[in-house]
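As structure tokens, the structure follows; a few thoughts come after it.
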């Protein structure tokens, strides 16, 4: 771990936080005070004991991944969790060096998952109508070392608060991901920038949104339309 590195701190299995390692800084929680100077030079995965509480308190320093980042970041909006993230990326057929469009950016959890997939030379254009969220996401991307892979646009692509659209050349992107209240309003703009045989994925929590979106996609000439819901089923095996 070096100065400036993003470090995910595992306080407990269900409690994660993050810091950027900086000399002289202190991370404090109920387990004690943890000095960043004790982080720097240590390998990811190591166990660090507090300098208070007689050293009984401890945390683990984890190397960041999109999944860990999603669990530790400050949620500015509802996020797409890892189960749905994986399926969106799979269904969009994303791979390294592709160009992808996303709207809206929100908390940036899905953005980080896309960026990992399209690295090292891909490009993500992510759009957010809320200026504060757009600025915060841009700052986080830069701090997390992926700023060169992403362009953050402060814009309402649906056109409710402006002209709409993605401001990209026609047939220039390999995939589109929409996480919007009214995604059907963005469909014509998405179709304009998508390459032939590119894919579009829309993430909606309500059946009514899905019905409206499917109808719009059909009217806009999209084909092979599928609606899917994913659930995680855990099994406990006792020998």
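Bear in mind that the values in this text are calculations on the coordinates, not laboratory data. Remember, predicted model here, so these are calculated numbers, not experimental data. Glycine also receives a Cβ, built like all others from the backbone with ideal geometry; neighbour counts cover every protein chain displayed.
Observations, loosely collected:
- Over the range 6-64, relative contact order from alpha-carbon pairs under 8 Å, at least 6 apart, %: 35
- Residue ranges 19-31, 174-186, 194-206, 80-92 sort as 174-186, 80-92, 194-206, 19-31 when ordered by packing (mean number of other C-beta atoms within 10 Å per residue, highest first).
- Pair residue 20, residue 197: separation of 7 Å Cα→Cβ label points (nm): 4.2
- Against the chain, whose longest principal axis comes from its Cα atoms, helix 109-118 is set at around 80 degrees.
- Each Cα pair under 8 Å and six or more residues apart adds its separation to the average, and for the chain the resulting relative contact order is 13 percent.
- On Cα atoms only, tilt of 82-91 relative to the major axis of the chain in degrees: 40
- Inter-centroid distance (Cα atoms) of the range 96-152 relative to the range 189-239, Å: 21
- Short-range pairs are left out: with C-alpha atoms under 8 Å and at least six residues apart, the relative contact order of the range 28-134 is 20 percent.
- Modelled FRET efficiency - R0 45 Å, residue 58 with residue 223, Cβ distances, 0.05 increments: 0.25
- Spin-label model, residue 131/residue 232: points 7 Å from Cα along the beta carbon direction are separated by 3.8 nm.
- The chain: most fluctuating residue of 39, 13, 222 per GNM, C-alpha cutoff 10 Å: 13
- Between the Cα long axis of helix 207-219 and the first principal axis of the chain there is an angle of about 50°, rounded to the nearest 10.
- If R0 is 41 Å, the Cβ-Cβ spacing of residue 215 and residue 119 corresponds to a FRET efficiency of close to 0.70.
- Full extension of the chain between residue 37 and residue 206 yields a length gain of 56.1 nm, computed as 0.36 nm times the residue separation minus the alpha carbon distance.
- Between residue 76 and residue 90, the distance separating the two model label sites (each 7 Å from Cα on the Cα→Cβ line) works out to 3.0 nm.
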